[in-house]
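Notes to accompany the following structure.
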Amino acid sequence: MAALLELSEVTVQFGGVVAVDRVSLTLDPGEIMALIGPNGAGKTTLFNAIAGNVPVTGGKICFRGREIQNLPVHGIAGCGIRRTFQNGGLFPDLSVIENVLVGLHTAVASRFFGLVLGGVGARRSEREATVRVRALLDQVRLAAIADRPARGLSGGQQRMVEIVRAVAGLPPVLLLDEPAVGLAPPVRAELANLVRRLARENGIGVLLIEHAIELVMRVADRVIVLSEGSKVADGAPEAVRADHAVLEAYLGHG
Amino acid sequence: MLPQLLVSGVANGMLYALIALSMTLVYRATTVLNFGHGDMAMAGAYAGLVFLGFGLPFVVAVPLALLLLFVLGFLVQRFLLRRIMQGPHLALATMALAVGYALRGVARLRWGNQVLNLPRPYPAGAFSIGSVVITTDAVVMCGSVLVLLGVLLLLFRASPLGRTIRAVFQTERGAALVGINVPLLHGMMWGAGAALGAAGGILLAMVVPLTPDMGEWVLVRGFAAMTLGGFGSLPGAVVGGVLLGVAEEVLGFYLNTVFINITAYVVTILVLMVRPRGLFGRRALIRV
Amino acid sequence: MAEVQTVSRRVFWLVPLALLPLPLLLNPYQLFVAELVLMYVPVGVGFNVVVGNLGLFAFSNVAYFGIGAYVSGILMARFGLPWWLSVLPAGLAGALAGLITSIPALRGVRLFYLAIMTLAFGELMRWVYIRWEPLTGGSMGMSVPEPTLFGWPLDGARKFYVLLALAVAVVTTTDRLLASRFGRAFMAIRGNEIAAAAMGIPTGRFIVAGFAWGGFVVSIGGTMYAALIGHLSPDSFNLTELVLEFAIIMVGGLGSLLGSVLGAALLTTLPQFFMSLPGSEELAFGLLIILVILFLPRGLASLLAQLHPIFQDRYLRE
């Protein structure tokens, strides 16, 4: 059986600059893989390449054995690869529940004419989606802010909502871009629990960019270290942590 | 026929260049596209008419009209636009549009739909060079715009004020850091834009009938010239204006007279579809 | 919670019900003004979907309006169709125009560039009306035959009720659309196109859908124009008309369906008080828009929303 997500020799070039240099990795269902490295190492560019936001100039990205690097962004998302953004990923004018409903966009079956003509099926699928999202928000204890517009939320709330939005449809792959930035320690712990639960209970393969090293150590099954676009280390968290050279060089301090 | 078309085209085009240039100044300084600019030009022409009506000579009435429009432009920026500078783009553009619309209303309230003319301070006539007929209107149009362009260029390149303005064009934060009063300069640029637009309106009202609706015509041609030259480019505005004027005449003669009226629209659409940065735009200012 | 919302929103059906006795209460002139309001409801609603919900500065609204009016008028005057049979073709022509005007937006043209370009398209359409004389009557305009409905002349109370039904249909269908994944996709595109695509939304397709729906709905307003005014002239579809339509959604509230309706009601009745003094209408509109931007950036709809939560519109924004 093909791996969930497999990158082989993925390269991203901007003009003469090689931002990602022949990176290969394999992500399995239920696995949490952390991507670490200094700023400018190419972590976010690699995310953008997987999600289709920047063109891949070399190599292959396969999702369940199918090449996806030439699909449009919405096509990749439609396969079930969802991501969060480093900042400003929410839709500010939409409420929390509407934001999460947008995350379910591909799962709602209502069609244009069905909606306009007031078709029963279209209305039912809209209503079912709403009920489902309400339940989900209840589960992650965000029900209290469900009808608040996203623009007024605190940083921590915004991040939680963004993650919930990304996983609302239980996508097979989740890409988290620095989810813990600016979060208070208790919220970080909550976040770590959520990520672990999503992987263990729902079998989601998680690729995580994170600077907060204690979070990485707590949740990651595997750690990949990028530097100047290339993979320089790959292994269990303890092994990478023990690899003092790696930490010294790429995290500055251990 | 072609030389004749070129001459009249260039004469009209100089006017478009002036309008486009004044819009570009405002746009570059404040990133607001003045959708009310045509109406400011119209207001300038009416202001000239009013001052002439007081019995003032032309050389006094026109500077007074320009001064009045400078003050108007400054006040609009100071009291209306500055308050919403941080707001959405749409609000800024709409504010400019609404100001123009109100000006149009004032003009119509006072003068109705009367067709007026600014009396020329020079004899209307024409002379010919070979087979080409050149009207004094064309000469005055080209001459005045060239003089204005020369003065602007001098101000821009060789005066401390010009350096300040260019600094603000480059980077507002940087300009503010070295002690330039950016908000004041924004106001000044709106004033200058309005005054230059008024100069265009006055020139126009001497050769075509002056009505409260003149602004629309002016605005559309200003947009087209800016687009053709490349948004935000000062030389582009001038070249774009002249080319537009020539294109109107040439296409109007060889293809169909309707092109005298629609060239501006067609140019706008085609340029934005095919080459959004126009002739001289440094970058396509278009978000993906 | 969701149930409560749908129930409370049904209260809005009281509005058209309350309007039913109007033909008995108003004199013919007042009734005409009321019908004008009904005509501007779809015009504002369609405009607002594109500008308010999709967040794209497309100012080709008057083109859709004119196309609707002319297609309707031409089908009646030149092809002998009754008015009611011209409504759907005219709407479809408007949808097609919406589709065409969405092309620059699809190619990434945004902000002022899109505004200028679509403005140019609208003005260009005016020259099509002027130059396509055999069909449109050129700059002199064309007369439209008396509208009929299933053979009955469409006049008096009957006309009012038909226009009311059309306006209500436009508002309800658009409401359904906006309350669905379509409306959310529009708002997502407005907020953050990259994130919208990352949610699996084919943004291009939804931009086309928004424009097409906008064009369709506004053209329905155009057919109402043909039925109401009876004479079509290119000058009726100029930039002044655009400013009126834009004012409707700005003053009403961008992105708000309720706002479109409120704006149509206010800005259609308001000019009736200024008719006698040319220019006063423009001055009043200009000042009104300035005041709204400065002091009520979310439009009249936001004012109502403060009165009672039922008026809280989904997608109201600045």
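The values are calculated or read from the model by the stated rules, or taken from the named source; none is laboratory data. What you are looking at is a predicted structure, and each value in this text was computed from that prediction instead of being measured. So basically every Cβ, Gly included, is an ideal-geometry build from the backbone, and we count neighbours across all protein chains shown.
Being within 16 Å of the chain's Cα centre (by Cα), part of a helix (DSSP H, G or I) and closer than 17 Å to B:L68 by Cβ: is that true of B:A205 here?
When the stated conditions are applied, B:A205 passes them.
Counting only residues that are more than 21 Å from C:K159 (Cα to Cα), away from chain B (no Cβ under 14 Å) and not in a helix (DSSP H, G or I), how many does region C:224-258 have?
Selection size over region C:224-258: 2.
Looking at region B:248-281, which of the residues that are crowded, with 20+ Cβ neighbours inside 10 Å and away from every other protein chain (no Cβ under 12 Å) is farthest from B:A17 (Cα to Cα)?
Looking at the filtered set, the residue picked out is B:L251.
What are the pairs with Cβ atoms under 9 angstrom where one residue, in region B:118-140, is within 19 Å of B:L210 (Cβ to Cβ) and the other, located anywhere, is surrounded by 11 or more Cβ atoms within 10 Å (Cβ to Cβ) and of a type in the set (D, E)? Sequence gap at least six, or different chains.
These pairs meet every condition: B:R120/B:D137; B:Y122/B:D137; B:A124/B:D137.
Here are the criteria: (1) within 13 Å of chain B (Cβ to nearest Cβ); (2) assigned to a helix (DSSP H, G or I); (3) touching a residue at least 12 places away in the same chain (Cβ under 8 Å); (4) of a type outside the set (D, E). Tell me which single one C:V261 does not satisfy.
Of everything listed in (1) within 13 Å of chain B (Cβ to nearest Cβ); (2) assigned to a helix (DSSP H, G or I); (3) touching a residue at least 12 places away in the same chain (Cβ under 8 Å); (4) of a type outside the set (D, E), C:V261 misses just condition (1).
Does B:N34 satisfy being among the polar types (S, T, N, Q), assigned to a helix (DSSP H, G or I) and either buried (at least 20 other Cβ atoms within 10 Å of the Cβ) or in contact with a helix residue (DSSP H, G or I) (Cβ under 7 Å, 6 or more places away or on another chain) (or both)?
no
Starting from region B:65-90, take each residue that is closer than 25 Å to C:A115 by Cα and list its partners that are crowded, with 22+ Cβ neighbours inside 10 Å and hydroxyl-bearing (S, T, Y), counting only C-beta distances under 9 angstrom and pairs at least six apart or across chains.
Qualifying pairs under 9 Å: B:Q77/B:T30; B:L81/B:T30; B:M85/B:T30.
Run C:I310 past the list (1) surrounded by fewer than 17 Cβ atoms within 10 Å (Cβ to Cβ); (2) assigned to a loop (DSSP other than H, G, I, E, B) and report the number of the one that doesn't hold.
(2)
Tell me yes or no: at least one residue of region A:100-122 is at the interface with chain C (Cβ under 9 Å from one of its Cβ atoms) and closer than 22 Å to A:T44 by Cα.
Yes, some residue in region A:100-122 is at the interface with chain C (Cβ under 9 Å from one of its Cβ atoms) and closer than 22 Å to A:T44 by Cα.
Okay, residues lined up against (1) in a helix (DSSP H, G or I); (2) not assigned by TED's automatic domain parsing to the domain that holds A:A135:
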{"residue": "A:K60", "(1), (2)": "no, yes"}
{"residue": "A:G75", "(1), (2)": "yes, yes"}
{"residue": "A:Q86", "(1), (2)": "no, yes"}
{"residue": "A:T106", "(1), (2)": "yes, no"}
{"residue": "A:S110", "(1), (2)": "no, no"}
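Of the residues that make up region B:238-252, is at least one out of contact with any Cys (no Cβ under 6 Å at 6 or more places or on another chain), over 26 Å from B:A126 (Cβ atoms) and in a loop (DSSP other than H, G, I, E, B)?
No, region B:238-252 contains no residue that is out of contact with any Cys (no Cβ under 6 Å at 6 or more places or on another chain), over 26 Å from B:A126 (Cβ atoms) and in a loop (DSSP other than H, G, I, E, B).
If you go through region C:98-107 one residue at a time, do you hit one that is in contact with a helix residue (DSSP H, G or I) (Cβ under 6 Å, 6 or more places away or on another chain), away from chain B (no Cβ under 14 Å) and surrounded by 24 or more Cβ atoms within 10 Å (Cβ to Cβ)?
So far as region C:98-107 goes, yes, one or more of its residues are in contact with a helix residue (DSSP H, G or I) (Cβ under 6 Å, 6 or more places away or on another chain), away from chain B (no Cβ under 14 Å) and surrounded by 24 or more Cβ atoms within 10 Å (Cβ to Cβ).
Can you tell me which residue among C:M76, C:M117, C:M39 is crowded, with 22+ Cβ neighbours inside 10 Å and within 14 Å of another protein chain (Cβ to nearest Cβ)?
Exactly one residue qualifies, and that residue is C:M117.
Which of (1) within 14 Å of another protein chain (Cβ to nearest Cβ); (2) modelled with pLDDT of 90 or more; (3) crowded, with 18+ Cβ neighbours inside 10 Å; (4) under 30 Å from C:L92 (Cβ atoms) is the odd one out, the single condition C:G221 does not satisfy?
Going through the list (1) within 14 Å of another protein chain (Cβ to nearest Cβ); (2) modelled with pLDDT of 90 or more; (3) crowded, with 18+ Cβ neighbours inside 10 Å; (4) under 30 Å from C:L92 (Cβ atoms), C:G221 breaks only (1).
Return the residue satisfying two criteria in turn: it lies in region A:1-27 and is of a type in the set (V, I, T) and crowded, with 16+ Cβ neighbours inside 10 Å, and of such residues it is nearest to A:A233 (Cα to Cα). Steps first, answer last, please.
First pass over region A:1-27, keeping only residues of a type in the set (V, I, T): A:10-12, A:17-18, A:20, A:23, A:26.
Cutting the leftovers down to crowded, with 16+ Cβ neighbours inside 10 Å gives us A:10-12, A:18, A:20, A:23, A:26.
Values: A:V10: 16, A:T11: 17, A:V12: 19, A:V18: 19, A:V20: 15, A:V23: 11, A:T26: 14 Å.
For region A:1-27, the residue satisfying everything is A:V23.
If you take just the helices (runs of 4 or more DSSP H) that sit entirely in region B:57-166, which of them hold at least 2 residues that are more than 30 Å from C:F295 (Cβ to Cβ) and away from every other protein chain (no Cβ under 14 Å)? Let's see the steps before the verdict.
Values: elements: B:58-75, B:89-111, B:136-158.
Correct list: B:58-75, B:136-158.
Got at least one residue in region C:51-61 being within 30 Å of B:N34 (Cα to Cα), part of a helix (DSSP H, G or I) and among the β-branched types (V, I, T)?
Yes, the conditions are met somewhere in region C:51-61.
Consider C:F295 carefully, then state whether it is within 11 Å of chain B (Cβ to nearest Cβ), buried (at least 17 other Cβ atoms within 10 Å of the Cβ) and of a type in the set (F, W, Y).
Answer is no for this residue.
Among the residues of region C:1-19, which ones are surrounded by fewer than 11 Cβ atoms within 10 Å (Cβ to Cβ), within 14 Å of chain A (Cβ to nearest Cβ) and at pLDDT 55 or above?
Within region C:1-19, just C:R10 meets the criteria.
For A:K43, all conditions in the list (1) surrounded by fewer than 20 Cβ atoms within 10 Å (Cβ to Cβ); (2) in contact (Cβ under 8 Å) with a residue 24 or more places away in the chain hold save one; what is the number of the exception?
Unmet for A:K43, out of (1) surrounded by fewer than 20 Cβ atoms within 10 Å (Cβ to Cβ); (2) in contact (Cβ under 8 Å) with a residue 24 or more places away in the chain: (1).
Do we have any residue at all in region A:43-55 that's β-branched (V, I, T) and in a strand (DSSP E or B)?
no
Among the residues that make up region A:64-77, is at least one of them buried (at least 19 other Cβ atoms within 10 Å of the Cβ), under 20 Å from C:R184 (Cα atoms), of a type in the set (G, A, S) and in contact with a helix residue (DSSP H, G or I) (Cβ under 9 Å, 6 or more places away or on another chain)?
yes
When you look at C:L166, is it farther than 18 Å from A:A168 by Cα, more than 7 Å from chain A (Cβ to nearest Cβ) and either buried (at least 20 other Cβ atoms within 10 Å of the Cβ) or touching an Asp or Glu at 6+ places or on another chain (Cβ under 6 Å) (or both), yes or no?
yes
Specify which of the listed residues (A:R141, A:R159, A:R196, A:R148) is more than 25 Å from A:P92 (Cβ to Cβ) and basic (K, R).
Details: A:R141 fails: more than 25 Å from A:P92 (Cβ to Cβ); A:R159 fails: more than 25 Å from A:P92 (Cβ to Cβ); A:R148 fails: more than 25 Å from A:P92 (Cβ to Cβ).
Just one listed residue meets the conditions, A:R196.
Does C:T240 satisfy the condition of being modelled with pLDDT under 95, surrounded by fewer than 21 Cβ atoms within 10 Å (Cβ to Cβ), at negative phi and in contact with a helix residue (DSSP H, G or I) (Cβ under 8 Å, 6 or more places away or on another chain)? Spell out the reasoning first.
Working: modelled with pLDDT under 95: yes; surrounded by fewer than 21 Cβ atoms within 10 Å (Cβ to Cβ): yes; at negative phi: yes; in contact with a helix residue (DSSP H, G or I) (Cβ under 8 Å, 6 or more places away or on another chain): yes.
So C:T240 passes the test.
Of everything in region C:187-207, what is among the small types (G, A, S) and more than 7 Å from every other protein chain (Cβ to nearest Cβ)? Give them in sequence order.
C:A196, C:G204
Show the residue pairs that are 6+ apart or on different chains and have beta-carbon atoms under 7 Å apart, the first residue being within region A:77-91 and more than 8 Å from chain C (Cβ to nearest Cβ), the second being in a helix (DSSP H, G or I).
So the pair list comes out as A:I81/A:I50; A:I81/A:A51; A:T84/A:E162; A:T84/A:I163; A:T84/A:A166; A:Q86/A:T44.
Which of the residues belonging to region A:153-207 are touching a residue at least 12 places away in the same chain (Cβ under 8 Å), under 22 Å from A:L5 (Cα atoms) and either surrounded by fewer than 17 Cβ atoms within 10 Å (Cβ to Cβ) or not assigned by TED's automatic domain parsing to the domain that holds A:F85 (or both)?
Listed by number, the residues that qualify are A:L170, A:R196, A:R200, A:N202, A:G203.
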